[in-house]
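Quick notes on the structure that follows.
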Amino acid sequence: MSPAEVPRSAAMVSGKHSLGFVVPALVLIGVFLVFPALWTVYLGLTDHRLTGLAAADPQVVGAANYAEALGDERFRTSLWLTVQFVLGSAVLGQAVLGFAIAWVLRDRRGPLKSVTEGLVLLAWILPSSVVAFLWIALLDRDGGTLNAILHTPGFAWLLDHPMMSIIVFNVWRGTAFSMMLYGAALENVPPSQLETARLAGASTLQQLRDVVFPHIKGHVLTNLLLITLWTFNDFTAFQLTAGGPEGRSEILPVYIYNVAMSGGRLGFGAAVSFLVLVVNLVLAFAYLRLLRSRGEVRPS
Amino acid sequence: MRPALAVAAAALLTLGACGTGSGDGGGSAGEGVTLTITSNSISGGKNAETADWTAEWVIPRFEAAQKAKGRDVRVVFQPSGVDDEQYKTKVALDLKSRAGADVIDLDGIWVGEFAQAGYIKPLAEAAGPEADSWEGWSRIPQAVQGLGTFEGKRYGLPQGTDGRVLFYNKALFRKAGLPDPWQPRSWQEILDAGAALKKAGVPVPIQIDAGTAMGEATTMQGALPLLAGAGAEIHAGGKWTGASQALKDMLGFYRQVYSGGLGDPRLQQEARGRDKSFAQFAEGRIAILAEGDYFWRSVIEPTAGVAPMKDRDSVVGYALIPAQRPGAGIRGQDFVSMSGGAVRVLNPNSKNPKLAWELLSFMHSAEATTSQLAGAARITSRTDVNDAVLGADPMLKFVSDEVLPLTAYRPPLAVYPQVSVALQEATAAVVSGTSVDEAAAAYQRKVESLVGGPANVAG
C-alpha cells in the first residue's frame, strides 16, 4: 500500500508548495495587469476628462464612447494606418530584413559579421528620443541629410510621405530583434541537411522552403507574434510626425494619445484603448492557434 | 578599474542624496521643508529668463529670508521646455494624482477647466484669508486680475499680460521698396505688402500661425485677432461664434495668404513648425510674422532668445494688427489685438500651504517683479512696477500704450480650449486646400457638439 501512497502525498505537498510559489506572481499580475485592464473598461464607459467638470464628476455614458469610436472616421482611418504600419514595418520589413541579414551572416565569422550585427543592434538599443532626433535631422525639409545626399532641397519627407517615413524608420529601428531571433533559429538547422539539399541541386529558394523553413516555423510564428504586438502598440513614431500632417500618420497609439492626453478625453481614450486591446488579443490568439496546430502536427 | 570606481562613486552619491532627501523632506516646519516651483521654462531654452530668474533670484532670496526667520526651507525648481499643450497635460496629470509642485505656473486660460476639475482651489481656500488681504491686489488692474479669476474667485496671481502685433523685417521691407515705419490699415494692405515682398524674392512673405500643430498659438496669433478684425469675438452675449460671415472672412484671409503663395502651408503642418517659423524669421526668410510681445523678449532677444537676432533693435519693426477695413473691428475699432497671460497657482495638495503662499506672494512682490524684468521688455501685472520701468524699452511702451487699450481677452470658460481646437482645425483645413465654406460648416458642427447644441452658437 505504502509505495502507492508515497507519491500521492508527495504530489500534494508539491501542489501546496507550487501554489505558494505561484501566488506572488498572480498577485502581481492581478495588480498590474488585470486591474488596469478592468479599470480601462470602466473608464471607457464614462465621459471622464482630464480637466473640467467631467474630471471631478465623471458620468457613466454606457457604450456611447464605443459607438462614437466605431462610427468615427478618424478612428477607422487610424486603424487602417496601423494595419499598414504593422504589415509594412513589422511583418514585411523587420521580419524579412531580419531574416535576410541572419541568413547572409549565418556562416560568416570575423569583423564583417560583428560590425553589421553591432550596427543593427545599435539602432535597437539607442534611446528612442535620441533616435527620433537623428531621424528628424535626416528627413528634415530644410537642411536634412537625406535631401543633401539626394540633391532634393526642400523635399518634405515627413509631410509628403509620413507613413512611408515612419515605416522605414520602424524597420530600421526594430530589425535587430528579428535578426537575432532568426540567427539563433538558423543554428537549429542541421548543416548536413542543407549540404544534402545543395548537393542534390536545390536552389537557395528551395533550400529555404524545404529545409530551413520547416525547422524554424515555430520561431517565425513567435517572432511575428511579438513584433506584431509591439508594433501595434508602438508610440515612437509620435516623435517623428506627432500623427501629422492632418492625421495622415496617426496610428492608433498616437490617436489615443492625441485624443486622451492632448484632447483631454480620458473616457473616450480608454474606450479606444480597450478596442485596441481586443484587436491585440485576437491577433495573439490567432498566432497561438497557429503555433499550437504546428505542435500537434509535428509528432505525426 | 575605472568603471568600477564610477559605479562606486555613483552609489555613494545616491546614498548621499537619499540621506539629504529624507532629512529635508521631514515635513514639520522648523526642521527643514522643501518647496517646489514648476513652470514651462528651462535655462538655455524655452522662456530661459523665467527659469534663470527663478533659480538665481527667487530661490536664494526666499531661502535667505526664511533663514532669517529661523526656518530651514529649501526651494527646488522643476524646469520644463516643451509645447504648452504638453506642459498642460503634465501639470493636469500631476494634480490629478495629488502630486506636483507647490507653486505652479499656468496659462490663465486653463484656470477655468482646472478649477472645475477640482485640481486647484481659490487662493483664500488654499492659503487662508491672508491671500485676499495681499498688498499686491490693489496694484493689479481688474482686467489683469481676471486672468487668474474664475466664477468670481481668485485662483492665481497674474504674472502680467501681453499683446499681439505684426512683427516685420525692415531690411526685407527696404528690399521690396516698402515704407518704414509700416502700419497697414486693412487686411488688403498686408496682402499687398506680402505680394511686394514675394516679388522682391522673400521666400515666405507672411507667417500667420495656422493648423493644429501650432496649438493655441494658431488661435491667439491668427484666428482670434483676425476674427476681432472682422468684428466678432469668439464668445459674446452668451453664445459662441459659429460659421458667421466674420468667421468666413477670417478663413478667407488664411486662404488668400496660403493658397496665394504668400505663406508656407507646409510650415503650418510640421510638428515643430512654430519653432521653425521663429528660426526663419531670425534668418530673414520670413518678412511679416504675427506674434505676442513674447516673440520680442524671448525669441529674437539678442542674447537669451531661442532664435536670437543680434540686430533686433534696428532690423525688427512692429505694427498694430489692422481690422479687415478701417472701423470693421470689434467695438468699431480700426486696429485689434488679443491678450492673455500666465498666472501662478498654489497646489491644493501642498504639504505646506502657508509657506507655499509666502513663496508665491514673494514671487509677485514689487521687488521680485522688478528683478524679473532685469531691463527686458515685459508688461507686468503690477502697475507700480510698470510705472517705474515703462519707457525702458520702446516695444514695451508700444504694447502698453497702443495695444492694451484696444485688446481683447479670451472667455474664461472651461470649454474654451476645445472651441479653440475647432478653430485650429478649421484653419488647418483651409490651409491644406479645403474651401472656406466647407471648413466653416465643419467648424459649426464641431462647435455645436462641444457647447451643447445650436442654441449656444450664433451663426
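The values are calculated or read from the model by the stated rules, or taken from the named source; none is laboratory data. The shown structure was predicted, so the numbers you read here are calculated from the model rather than taken from an experiment. A quick note on method: Cβ atoms are made from the backbone with ideal geometry, for glycine too, and the neighbour counts reach across all protein chains shown.
Scanning the range B:108-129 for residues that are surrounded by fewer than 20 Cβ atoms within 10 Å (Cβ to Cβ) and not hydrophobic (A, V, I, L, M, F, W, C), we see that the one that is farthest from the other protein chains (Cβ to nearest Cβ) is B:P129. Of everything in the range B:86-99 that is within 11 Å of chain A (Cβ to nearest Cβ) and crowded, with 18+ Cβ neighbours inside 10 Å, the residue that is farthest from A:A242 (Cα to Cα) is B:L95.
Can you tell me how many residues in the range A:141-164 are more than 20 Å from A:E246 (Cα to Cα) and part of a helix (DSSP H, G or I)?
Taking the range A:141-164 first, the residues more than 20 Å from A:E246 (Cα to Cα) are A:142-153.
Narrowing further to those that are part of a helix (DSSP H, G or I): A:145-150.
Result for the range A:141-164: 6.
Selection of the range B:237-288 for residues being within 14 Å of another protein chain (Cβ to nearest Cβ), surrounded by fewer than 23 Cβ atoms within 10 Å (Cβ to Cβ) and among the polar types (S, T, N, Q) yields only B:Q280. Answer yes if at least one residue in the range B:430-441 is within 14 Å of chain A (Cβ to nearest Cβ), more than 22 Å from B:S337 (Cβ to Cβ), buried (at least 16 other Cβ atoms within 10 Å of the Cβ) and of a type in the set (G, A, S), and no otherwise. Yes, there is a match, as at least one residue in the range B:430-441 is within 14 Å of chain A (Cβ to nearest Cβ), more than 22 Å from B:S337 (Cβ to Cβ), buried (at least 16 other Cβ atoms within 10 Å of the Cβ) and of a type in the set (G, A, S). Right, B:M220: assigned to a helix (DSSP H, G or I), more than 17 Å from B:A328 (Cα to Cα) and touching a residue at least 40 places away in the same chain (Cβ under 8 Å) or not? In short, yes. Return a yes/no flag: does the range A:287-297 have any residue that is of a type in the set (G, A, S) and at pLDDT 90 or above. No: the range A:287-297 contains no residue that is of a type in the set (G, A, S) and at pLDDT 90 or above. In the range B:183-207, the residues that are acidic (D, E) reach residues that are crowded, with 16+ Cβ neighbours inside 10 Å with C-beta atoms within less than 7 angstrom, at least six apart or across chains, in these pairs: B:E189/B:P322.
Residue by residue, here is whether (1) facing chain B (nearest Cβ under 10 Å); (2) among the polar types (S, T, N, Q); (3) free of Cβ contacts under 8 Å to residues at least 24 places away in the same chain holds:
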{"position": "A:I216", "(1), (2), (3)": "no, no, no"}
{"position": "A:R248", "(1), (2), (3)": "yes, no, no"}
{"position": "A:Y255", "(1), (2), (3)": "no, no, no"}
{"position": "A:G263", "(1), (2), (3)": "yes, no, yes"}
{"position": "A:V276", "(1), (2), (3)": "no, no, no"}
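Number of residues in the range A:17-59 that are of a type in the set (G, A, S), closer than 25 Å to B:A414 by Cβ and at pLDDT 90 or above: the value is 1. Apart from one condition, B:W134 fits all of (1) more than 11 Å from chain A (Cβ to nearest Cβ); (2) in contact with a strand residue (DSSP E or B) (Cβ under 9 Å, 6 or more places away or on another chain); (3) farther than 28 Å from B:E367 by Cα; the exception is (3).
The residues in the range B:355-375 that are crowded, with 18+ Cβ neighbours inside 10 Å and either modelled with pLDDT under 75 or among the hydroxyl-bearing types (S, T, Y) (or both) can be counted, and the count is 2. Which is within 16 Å of B:G163 (Cβ to Cβ), outside the structural domain of B:P225 (by TED's automatic domain parsing) and in contact (Cβ under 8 Å) with a residue 60 or more places away in the chain, of B:L396, B:L359? On inspection, the qualifying residue turns out to be B:L396.
Highlighted here are the helices (runs of 4 or more DSSP H) found entirely within the range A:32-116 that include at least 1 residues which are away from chain B (no Cβ under 14 Å): A:35-44, A:64-71, A:73-85, A:95-104.
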